[in-house]
Amino acid sequence: MNCESQEPVLEIHSLSAAYGKKTALQDISLDVGKGEIVGLIGPNGAGKSTLIKVVSGVLRASSGEVLVHGQSIKSLSPAERARRVAVVPQARQLGGAFSVRQTVLLGRTAYLGFLGNPGEEDLEIVEWAMRETAVDILGDRKLAEISGGEQQRVLLARALAQKSEVLLLDEPTSHLDLKYQVSLLRLLRSLVKQQCLSVVMAMHDLNQVSGIVDRVAMLVNGNLRHLGKPEEVLTPEFIQQAYQTEVETFVHPITRRHYLFPKS
């Protein structure tokens, strides 16, 4: 599928937000195109999760706007917004009695009729999303019975079932061991290109960034300090300014990806 497009799918214009009197985001502007992943990085409290909450409509902006295909999310009903924007939170060991299949079916809620009964198309999409994320063999298992990595893939499947063009992820690899981190990021990268999704993903591990994202947005104290390709943003100077830590950069001789190591 060709994802090339001159027009951005997601546009964030001069966005600010606050918790009470405390400013959390200040004048953030960026856009995301089809098939593009923008990674949000920054120290704790920089505003990464807040930005995802505002873009998804969970938290109201104090100023600015978020557009999807030129339409403000503020003008959309919750169901319409869910058809445009899907969110993948951190799993954090989900409990409850829902099965994997029932959880993924929740992604179709915005499309169901008054009685809430799924149709044949809804069920087909659920099965497709489960196959794409390799959780179809877990369909009848309860969430509490599967691992954290499997739960994270279930949440991704639920988001895919929404058939939204914009996908927001809040540190999806946190609390996962290395095997599941690698498999989840590879899966995500593949799905983004196949489905031409527009993705904003908050990331904690800086050494995962250059291998998965197309551009990096560095937030510091609620401000967008830098926006560009990984090699343009993941520099010792910018990292030291943001994280108050001196690092050295290693460029992989084959992949040319940038990796960071604390100075000894």
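List of remarks:
- Electrostatic dipole magnitude of the range 91-226 [Cβ: Lys, Arg +1; Asp, Glu -1; Cα centre; debye, to 20]: 340 debye
- Gaussian network model of the chain, springs between alpha carbon atoms under 10 Å - residue of 34, 163, 22 with greatest fluctuation: 22
- 0 to 90° range, to nearest 10: angle between helix 148-161 axis and the chain longest Cα axis: 70 degrees
- Angle between the chain longest axis and helix 178-195 axis [Cα atoms, degrees, rounded to 10]: 70 degrees
- Solution diffusion estimate, µm²/s, Stokes-Einstein, the range 94-163, Kirkwood Rh from C-alpha pairs, 37 °C, viscosity 0.692 mPa s: 279 µm²/s
- Residue pairs, from the table 53/229; 53/179; 21/53; 53/74; 74/193; 48/142, whose Cα atoms sit over 22 Å apart: 53/229; 53/179; 74/193; 48/142
- Expressed in Å, the radius of gyration and Dmax of the Cα atoms of the chain are 18.5, 62.
- Taking the C-alpha atoms only, the angle from helix 120-132 to the longest principal axis of the chain is near 40 degrees.
- Inverse of mean 1/r across different Cα pairs in the range 136-220, Kirkwood, Å: 13.8 Å
- Both radii are taken from the alpha-carbon atoms of the range 66-188; with Rh as the Kirkwood radius, Rg/Rh is 0.98.
- Under 13 Å, Cβ to Cβ, from residue 260 - net charge with Lys/Arg +1 and Asp/Glu -1: -3
- Cα pair count fraction exceeding 12 Å, expressed as % - the range 213-255: 61 percent
Bear in mind these aren't lab numbers, they're just calculated from the coordinates by the rules spelled out. Just so it is clear, the model here is predicted, and its values are computed rather than measured. Heads up, the Cβs are rebuilt from the backbone with ideal geometry, glycines too, and the neighbour counts pull from every protein chain shown.
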